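To start, the structure under review is shown below, and the notes come after it.
The values are calculated or read from the model by the stated rules, or taken from the named source; none is laboratory data. Bear in mind that the values here come from a model prediction, so they are computed numbers and not experimental data. No Cβ is skipped: glycine too gets one built from the backbone with ideal geometry, and neighbour counts run over all protein chains shown. These area figures cover heavy atoms from the full protein model, side chains too; ligands, DNA and RNA do not enter into them. Shrake-Rupley method; radii C 1.70, N 1.55, O 1.52, S 1.80 Å.
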Amino acid sequence: MAEDRNVPAWVEEAWDKALEKTIRNTERIGSGFPHASVEGKYDLAEPNWWMAGFWPGMLWLLYAESCDERLKTVAEQCEERLDGVLDEYTRLDHDIGFMWTLTSLASWKLLGNEVSRKRALKAANFLAARFNLAGRYIRAWNPWSENDQNAGFAIIDCSMNTPLLYWASEASGDPRYRHIAEAHMDTVVQHFVRADGSVYHIVDFDPWTGERRGGIGGQGFAAESAWSRGTAWALYGLTLSYHHTGKQAYLDAAKRVAHFFIANLPEDSVPHWDFRLPPEIVKYRDSSAGAIAASGLLLLAEKVGPLEDHLYRGPAERILESLYRNYGAWDNAEEEGLVTHGTSHYPEGRNIDVPLIYGDYYFVEGLARLKGTRTIFWE
Ligand code: GLY
C-alpha cells in the first residue's frame, strides 16, 4: 500500500517498534476497547464508549502494511462486538464517526467486506439523524441523566465524524449525508473558530430556534481558553472537509487553526493540554493532541500549493519525531501505551499524564502518512 518515497530512518524505526508492541498488546487486550493506560496497563472500556474505534483502527493501519493476520483477526472481532451497540442504538452519541470509520469503513476499504459496508452505512444513518435543522449542527450527546438539557450542545470533536457522512453520500449516491456534513461544518466555521484560530470546545444553541447561546469550556480549562485536543480536532476535521468538498472556507479555516496550533507549541513541539492556562495550573502535556494535529497537518500540506506545504509538513514531522524520541515507551515492557503523557479530561481529573489509545492511533496514522500509505480511513 505504500508509495515509493524517501522515508526518514526514524520513521521506519518508529513504525517497527509500534508494530512489535501492538502485536504483543493483542495478546492481553484482544478484542477489548482500551482507553487510558493506568500503571502500565490499558483499562478496557465498554464498547459504546467514543474511543472504541481507535484500537481496531490502529490494528487495521498496521495490518495494511504488514499483512499480519493476528492484527486482522482482532480488528474483525472488535467490529463484531460493536454490532450490539449499533442495534441498541440508544447509547449512540455523535462519536459514531470515530467508531465506525475506523472499524467497518476501514474493513470495507481494505478488504471490500460487504457486511462492513452495510454497517458503516447504518452508522452514517444514525449520525445523520442527530442533525438539528434549526441550528444546523449535529447534536453531541444524549441526556446523561434525567434532567440533562444538552439538546443544544454541539462540539468541535464532531468535525472528525463528518467524513463518515461524506463517504455515505458517495457510497449510496444520496447527497443528503453530505448536505448534513457541510451544514455542520459551516456552523463550525461560523460559530466555533475564533478570529485568532483558537476554537470553542462546546457551543450551546437553542435547539428549537437554532440561536447561538454561548461557548462552554468542556474539556478545556474555560469557555474562552484553547483546549489543545479540540484545536487538533478542528484542524484535522476542517482539512478533511476541504478534502471531501473542495470548499475554500474550510481550507481557510483549517489554515487559521493550524497557525494558532503551531504558534503555541512549546520547545519540544508537543502541546500542553490547553494553550491558554493561568500560571497556577500545571501545564501537563497532551501528546494525543500533538499526534492528531500532526496527521492533520500532513494532509493540509498535501492540499496547499508548493509554496506553503513546508509550513505544515515541517511542524508535523517535528511533532511526530518528538513523540517518537521523547514520549515513546518503546523500551518499557511494563507499559502497554505507545506514546506517554496524554491528558484525557483535566477539568474532571480523569486520565492525566498517561498514554491514551487515540494518541497511539494518530501517532501510527502520522507515521503511515510519512511512509506514503494511501489508505487513510477518513479520506
Ligand atoms: N471528547 C473526545 C475527546 O476527549 O477528545
>> For segment 224-243: of the residues being out of contact with any Asp or Glu (no Cβ under 8 Å at 6 or more places or on another chain) and open to solvent by 10 Å² or more (accessible area, probe 1.4 Å), which is farthest from the ligand (Cβ to nearest atom)?
In response: Tyr242
> What residue, of Gly372, Gly337, Gly305, is under 19 Å from the mean Cα position of the chain (by Cα) and either within 25 Å of His244 (Cβ to Cβ) or open to solvent by less than 10 Å² (accessible area, probe 1.4 Å) (or both)?
Replying inline: Gly337
>> When the residues of segment 18-57 are narrowed to those that are within 16 Å of the ligand (Cβ to nearest atom) and of a type in the set (A, V, I, L, M), which ends up farthest from Asp93 (Cα to Cα)?
In response: Ala36
> Got at least one residue in segment 274-297 being more than 16 Å from the ligand (Cβ to nearest atom), within 18 Å of Asp196 (Cα to Cα) and among the β-branched types (Val, Ile, Thr)?
Replying inline: no
>> Please return the ranges of helices (runs of 4 or more DSSP H) entirely within segment 1-100 where 2 or more residues are open to solvent by less than 20 Å² (accessible area, probe 1.4 Å) and over 25 Å from Arg130 (Cα atoms).
In response: 9-29, 54-66, 69-81
>> Test of understanding: among Ile156, Ile216, Ile180, which residue is at pLDDT 95 or above, of a type in the set (A, V, I, L, M, F, W, C), open to solvent by 10 Å² or more (accessible area, probe 1.4 Å) and within 16 Å of the ligand (Cβ to nearest atom)?
In response: Ile216
> Which one is farthest from Ile357 (Cα to Cα) among residues in segment 101-119 that are away from the ligand (no atom under 16 Å from the Cβ), among the hydrophobic types (A, V, I, L, M, F, W, C) and in contact (Cβ under 8 Å) with a residue 60 or more places away in the chain?
Replying inline: Leu110
>> Return the pair list, or none, for Cβ contacts closer than 8 Å from residues in segment 345-362 that are within 14 Å of Asp157 (Cβ to Cβ) to residues that are within 11 Å of the ligand (Cβ to nearest atom) and acidic (Asp, Glu), at least 6 apart or on different chains.
In response: none
>> Quick check on my filter: what residues within segment 144-161 are part of a loop (DSSP other than H, G, I, E, B) and hydrophobic (A, V, I, L, M, F, W, C)?
In response: Trp144, Ala151
> Taking segment 101-117 as the region of interest, how many residues are open to solvent by 40 Å² or more (accessible area, probe 1.4 Å) and under 17 Å from Met58 (Cβ atoms)?
Replying inline: 2
> Which residue pairs have Cβ atoms closer than 7 Å, lie 6 or more positions apart in sequence or on different chains, and pair a first residue in segment 30-54 that is on the phi > 0 side of the Ramachandran plot and small (Gly, Ala, Ser) with a second residue that is more than 16 Å from the ligand (Cβ to nearest atom) and open to solvent by less than 60 Å² (accessible area, probe 1.4 Å)?
Replying inline: Gly30/Val74; Gly40/Glu335; Gly40/Glu336
>> Every residue in segment 198-216 that is outside any strand (DSSP E or B) and within 17 Å of Ala289 (Cα to Cα), please.
In response: Ser198, Tyr200, His201
>> Considering only residues that are within 15 Å of the ligand (Cβ to nearest atom) and more than 25 Å from Tyr63 (Cβ to Cβ), which ones fall in segment 319-352?
In response: Thr343, Ser344, His345, Tyr346, Pro347, Glu348, Gly349, Arg350, Asn351, Ile352
> Quick one: in segment 101-143, which of the residues that are within 22 Å of the chain's Cα centre (by Cα) and assigned to a strand (DSSP E or B) is nearest to Phe205 (Cα to Cα)?
Replying inline: Tyr137
